[in-house]
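Below: one structure, written as structure tokens.
No value in this document is a laboratory result; all are computed from the given coordinates. Here the structure is a predicted model, which means the values were calculated and not measured. Note that we place each Cβ from the backbone using ideal geometry, even for glycine, and neighbour counts take in every protein chain shown.
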Amino acid sequence: MAAQPREVFVVRDSERIVGELRTRAQRGDTPAEVGTWLLEELGSIPNIQLASYLFHAFEISLMSLKESSNWVGLGHGGTMTDGELNQLIGPLVPRSADRELTQNPDGSWSV
């Protein structure tokens, strides 16, 4: 059976990426699985960009996102295991509509 073609995302297509992150979490993917998917789809991206997608999609504190930058899945020598990441920021809860983040024309974000 032929492999299904992967859908490639443009980095600036944040709403689509956030939607896919939420879909994956709603079907039961763990934070490590969601992070792995994001890295596989977008390739090598800065940690801050990865954190912004996760923060935009889910109710995750900035402190937890900062701690998660030590996750081994990022490939830069971190020591946090998948299980520890899942415990730190899981389960993933989609950000509620009344706290939806929007990107301003200057590139900043607001609630």
message: Quick check: pseudo-label points 7 Å beyond the Cα along Cα→Cβ at E15 and T79, how many nm apart are they?
response: 4.3
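Given +1 on the Cβ of Lys and Arg, -1 on the Cβ of Asp and Glu, and no further charges, what dipole in debye does region 27-89 carry about its Cα centre, rounded to the nearest 20?
Numbers: 2 positive and 8 negative charges, 32 e Å.
Roughly 160 debye for region 27-89.
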